[in-house]
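Every number here is computed from the coordinates shown, using simple stated rules; none is lab data. All figures in this text were calculated on a predicted structure; none of them were measured in a lab. Neighbour counts are summed over all protein chains in view; Cβ atoms, including those assigned to glycine, are modelled from backbone coordinates with ideal geometry.
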Amino acid sequence: MKQTAVDWLFEQVWITSGEDLNELLEQAKEMEKNDIDNKVIHFAEWLTKKHTSTLITLYEHFEEQYYNETFNK
């Protein structure tokens, strides 16, 4: 099982004496941010595999709208 940022922080507090807890907290926050970023990447990969035709349609709509907004001013 993957260690969570909260578990890591708890472990660090117990094994670290005299360390700056603010630094540990910032490291834990960065770990949590990376976990969220990874979830977004995995979701995008899943979505691409499962809904390719829908994504193509949405992209075509976006492309048309972007062209109209950018070049038809």
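At a temperature of 20 °C and a viscosity of 1.002 mPa s, determine how fast the chain diffuses translationally according to Stokes-Einstein, using the Kirkwood radius over alpha-carbon pairs as Rh; express D in µm²/s, rounded to the nearest whole number.
The Stokes-Einstein estimate is 134 µm²/s.
From the residues Thr70, Asn34, Ala44, which one has its Cα farthest along the dipole of the range 5-71 in the positive direction, the dipole being from +1 and -1 charges on Cβ of Lys/Arg and Asp/Glu about the Cα centre?
Projecting each Cα onto the dipole axis, the largest value belongs to Ala44.
For helix 21-50, what angle does its Cα long axis make with the longest principal axis of the chain, in degrees from 0 to 90 and rounded to 10?
Its long axis makes an angle of about 30 degrees.
Provide the packing ranking of 8-16, 39-47, i.e. peptides ordered by the mean count of other C-beta atoms within 10 Å per residue, highest first.
For the peptides 8-16, 39-47, the packing ranking is 8-16, 39-47.
In nm, what is the difference between 0.36 nm times the number of residues separating Gln65 and Glu23 and their Cα-Cα distance?
Using 0.36 nm per residue and subtracting the Cα-Cα distance, I get 10.6 nm.
Return one number: the angle in degrees, 0 to 90 and rounded to the nearest 10, between the long axis of the Cα atoms of helix 52-71 and the longest principal axis of the Cα atoms of the chain.
70
About its Cα centre, how strong a charge dipole does the chain have in debye, to the nearest 20, once Lys and Arg get +1 and Asp and Glu get -1 at the Cβ?
420
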